[in-house]
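J.: One structure, as structure tokens, below. Some questions next.
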Amino acid sequence: MKNIVIGRYVPGKGFLYDLDPRTKLIALLVLMAATFIIDELIHMAAAILLIGVILVIGRISVKRVYLGLRPLLFLLIFTFAFQILFNTQGDLLFETPLYYSPITLGLVVVIVLIWGFTKRFIKFKLLYFLATVFLSLFVLNTFTEPLVFATGTFSIYEDALEMALFIMLRLIIIVTLSTILTITTKPTDLNLGLESVLKPLKVIRVNTEEIAMIISIALRYIPTLLDEANKIMLAQASRGVDFQEGKLKEKVMQIVSLLVPMFIISFKRSDELANAMEARSFIPGHPRTRLHLLTWKTLDTVVLVVSLTLLISSISIRVFL
Amino acid sequence: MKPIIEIKDVSFAYSKQQDVLKNVNLTIQKGEWITILGHNGSGKSTLSKLLIGLLKAKTGTIHVDGIELNEDSVYDIRKKIGIVFQNPDNQFVGVTVRDDIAFGLENLQIPREEMIERIDKFSKKVDMFEYLNKEPQQLSGGQKQRVAIAGILAMKTDVIIFDESTSMLDPKGRKKILEYMKQLNDEGTTIITITHDMKEAVSSDRVVVLKHGEILKVDTSTNILRDKTTLEQSNLELLLPLELLHYMDSNNVDHQSLKDFLWASSLNV
């Protein structure tokens, strides 16, 4: 439970590490907006090329970015499949008949069952799933005779393919950009940056300093709470709670047996922490001086100008061309 | 000597049924080291929370450095009294050691340059200078407690309360904290230790024995430590050497019975 790798700060060197967190946050937002505005495949390719360049210059390992993307794979494939199956706009690109007969349907059921039983032994689950889907389609496509009681078609339209591709690429770009931000920025710096980027919200009476304080305390206590959860799980396991297996009802009971003590302990902890903070002259909403200062460098201005230029040019391409 | 803390007729209750503190009267002098000794539930921690205004007394007054503690003055009084709590994890506010020491200074609106100076100085004082960039989960309980002390020292308070600060530490960590207490007291800081551990009471100037919210006795540490009746009345145990002393005073001791006594009391620990 301790190694939450996704989106963790990785110490290193490079221009991404030297940038001010404010710059990185704003640039992230600007570039994200730009990816949603561009709608030509060639521009998308340019955007991906740009990210590749950032990764290379920033000396960020592609493996880390992939680790950030991995939880999204299912979502990516789901949206892709959804578009292919249900989007029927644009030119027809590919069509093939599907035959439904007891034999083909039976074979599909067998394939699915085999997949269900063997998937736990296979390392590349997603690839294996895709292979199963293709095999099923292939079976439905090939066995024409006899006893066919219905026929259907499997067809792919141009727009479907294009939409699917765009959604995938946009998701990948967004997640890659945010991964770059989190692995090159310390949580404390990120928090400071967030506080100062959110400062304009003070106009509508949002207390940004308090939000920043809450985030920094949450960051501070995540490892402590994980430790606590581990201890409680061990304690409950020693009393006979099995956290590995069980039916749905048992699973719910396991979670309850973890959550209830966690809640009680956290409340007690926060009470003591509040006392300790107050005892050290913390007054909510009062001005405080800061140990950490953010320093704006020329590099920050350059990066900000470049990303804004990209946003503006993507808007103008969309509007005028 | 000038009194720094004056507690007059203070009572406190969490609920209506039972008073946790009853008519406590105590004057603490500047530069003094005082120990508040009591069993669990004797009200000793409640007393410390009253002193820095985390709780409000039902009756009675508290003066700190001549200022009466009330809703208006509580923030000024917290600048004079620092407190190190029991659980090292629940008072570590910063993400790193440096941030944690800075927390109190940021609250006091100390300018940044001075903050950096003080952090360096006081982290050196508690031997945590090399750990300034470490995160709390990389530190032992004793080290976290030392960071807490540095955080209070950096705020330059006149009084430091140690509220069972050593009870969750191993013997080595405890010894180190006791050394710092001694050193700080020598340098003129008023120290209040709250504990049920006799060993912590030994070095202090005076000891206050609390029982069920009332002051049973106030005397010098040497007198209290010998006072078997008072300690037994408040469910506290004598230190072994002193118990031996009493035993030898009241019995005709030969070699064998001495051995028996030591054997029996070592099993009692």
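J.: Need one number: nm distance between label points at A:I57 and A:I315, each 7 Å from Cα along Cα→Cβ, rounded to one decimal.
T.: Result: 2.3 nm between the two label points.
J.: Highest mean first, how do A:70-83, B:106-119 rank when packing is the count of other Cβ atoms within 10 Å averaged over residues?
T.: With the highest mean Cβ count within 10 Å placed first, the list reads B:106-119, A:70-83.
J.: For helix B:97-107, what angle does its Cα long axis make with the longest principal axis of chain B, in degrees from 0 to 90 and rounded to 10?
T.: 70
J.: About its Cα centre, how strong a charge dipole does chain B have in debye, to the nearest 20, once Lys and Arg get +1 and Asp and Glu get -1 at the Cβ? Can you show the working numbers first?
T.: Numbers: 34 positive and 39 negative charges, 33 e Å.
The calculation lands at about 160 debye.
J.: Please compute the average number of Cβ atoms from other chains found within 10 Å of each residue's Cβ in peptide B:115-127.
T.: Across the residues of B:115-127, the mean count of other-chain Cβ atoms within 10 Å is 0.
J.: Work from the charge dipole of chain A (Cβ charges, +1 for Lys and Arg, -1 for Asp and Glu, about the Cα centre) and give the residue of A:Y157, A:A274, A:Q83 farthest towards its positive end.
T.: The residue sitting most towards the positive pole is A:A274.
J.: Same structure, new question: To the nearest 20 debye, what is the magnitude of the charge dipole of the range A:76-158 about its Cα centre, counting +1 on the Cβ of each Lys and Arg and -1 on the Cβ of each Asp and Glu?
T.: The dipole magnitude comes to about 620 debye.
J.: B:I83's amide H: which non-local residues (gap 5+, or another chain) put their own amide H closer than 5 Å, with H modeled 1.01 Å from N in plane and none for Pro or chain starts?
T.: HN-HN under 5 Å from B:I83: B:I161.
J.: Shifting gears a bit: Report, as an integer, the average count of C-beta atoms from other chains found within 10 Å of each Cβ along B:135-145.
T.: Numbers: counts 2, 4, 7, 1, 0, 0, 0, 0, 0, 0, 0.
Across the residues of B:135-145, the mean count of other-chain Cβ atoms within 10 Å is 1.
J.: Within the range A:167-182, find all residues whose amide N lies under 18 Å from a label point positioned 7 Å from the Cα of B:E135 along Cα-to-beta-carbon.
T.: Under cut-off, by backbone N: A:179-182.
J.: Right, another one. 222 nm [θ] for chain A, helices only, -39500 (n - 2.57) per DSSP H run of 4+, per residue, to 500?
T.: -23000 deg cm²/dmol
J.: Under the classification rounded if a/c is under 1.5, otherwise prolate if a/b is larger than b/c and oblate if not, where does the range A:76-158 fall, given a ≥ b ≥ c as square roots of the Cα gyration tensor eigenvalues? Walk me through the numbers before you get to the answer.
T.: Details: a/c = 2.90, a/b = 1.10, b/c = 2.63.
Judged from the Cα gyration tensor, the range A:76-158 comes out oblate (a/c at least 1.5, b/c at or above a/b).
J.: Determine the shape class of chain A: with a ≥ b ≥ c the square roots of the Cα gyration tensor eigenvalues, call it rounded for a/c under 1.5, and otherwise prolate if a/b is greater than b/c, oblate otherwise.
T.: Oblate, because a/c is 1.5 or more while a/b does not exceed b/c.
J.: Show the residues, 5+ positions off or on another chain, whose built amide H is closer than 5 Å to the amide H of B:L216.
T.: Correct list: B:V209, B:L210, B:K211.
J.: Please tell me which of these pairs span more than 23 angstrom C-alpha to C-alpha: B:K134/B:K172; B:K176/B:K217; B:K49/B:K121; B:K44/B:K80; B:K49/B:K211?
T.: Numbers: B:K134/B:K172 21 Å; B:K176/B:K217 29 Å; B:K49/B:K121 28 Å; B:K44/B:K80 20 Å; B:K49/B:K211 17 Å.
Going by Cα-Cα distance, B:K176/B:K217; B:K49/B:K121 fall outside the 23 Å limit.
J.: Could you work out, residue by residue across B:104-110, how many beta carbons of other chains sit within 10 Å of that residue's beta carbon, and then give the average as an integer?
T.: Mean inter-chain Cβ contacts per residue within 10 Å come to 6.
J.: For an R0 of 30 angstrom, estimate the FRET efficiency from the Cβ-Cβ distance between A:V206 and A:K251 and round to the nearest 0.05.
T.: According to the calculation, E is roughly 0.15.
J.: Further question on the same structure: With every protein chain left in place, what is the accessible area per residue of the protein assembly as shown in square angstrom, probe 1.4 Å? Present the calculation step by step, with values, prior to reporting the outcome.
T.: Numbers: 32900 Å² over 590 residues.
Spelled out: the 1.4 Å probe surface of the protein assembly as shown, per residue, equals 56 Å².
J.: Can you tell me which of B:126-133, A:291-298 comes out highest on packing, and rank the rest after it, using the mean Cβ neighbours within 10 Å?
T.: Ranked from most to least packed, the peptides come out as B:126-133, A:291-298.
J.: Okay, next question. At 7 Å along Cα-to-Cβ for each site, give me the label-to-label distance between A:Y100 and B:F261 in nm.
T.: For the pair A:Y100/B:F261, the computed spacing is 9.7 nm.
J.: Which FRET efficiency value, to the nearest 0.05, do you get for B:K30 and A:I215 by plugging their Cβ-Cβ distance into 1/(1 + (r/R0)^6) with R0 = 60 Å?
T.: For R0 = 60 Å, the calculated efficiency reads 0.90.
J.: Using a simple charge model, +1 on the beta-carbon of Lys and Arg, -1 on the beta-carbon of Asp and Glu, nothing else, what dipole does the range A:208-284 show about its Cα centre, in debye to the nearest 20?
T.: Roughly 280 debye, rounded to the nearest 20.
J.: Name the residues of the range A:56-79 whose amide N is less than 20 Å from a point 7 angstrom out from the Cα of A:Y128 along the C-beta direction?
T.: A:70-78
J.: Would you please give the FRET efficiency between A:D227 and B:T59, computed as 1/(1 + (r/R0)^6) with r the Cβ-Cβ distance and R0 = 45 Å, to the nearest 0.05?
T.: Taking R0 as 45 Å, the efficiency between A:D227 and B:T59 is 0.60.
J.: Moving on to the next point. What distance in nm separates the two pseudo spin-label positions at B:D76 and A:R290, each 7 Å out from Cα along the beta-carbon direction?
T.: 3.1
J.: For chain B, just say rounded, prolate or oblate: build the C-alpha gyration tensor, square-root its eigenvalues into a ≥ b ≥ c, call rounded for a/c under 1.5, and beyond that prolate if a/b exceeds b/c, oblate if not.
T.: Working: a/c = 2.18, a/b = 1.37, b/c = 1.59.
Taking the square roots of the gyration eigenvalues as a ≥ b ≥ c, chain B is oblate.
The values are calculated or read from the model by the stated rules, or taken from the named source; none is laboratory data. Small disclaimer: the values here were computed from a predicted structure and weren't measured. Note: ideal-geometry Cβ built from the backbone for every residue, glycine included; neighbour counts use all protein chains shown. Accessible surface is based on the protein model in full, side chains and every heavy atom, while ligands, DNA and RNA are left aside. Shrake-Rupley method; radii C 1.70, N 1.55, O 1.52, S 1.80 Å.
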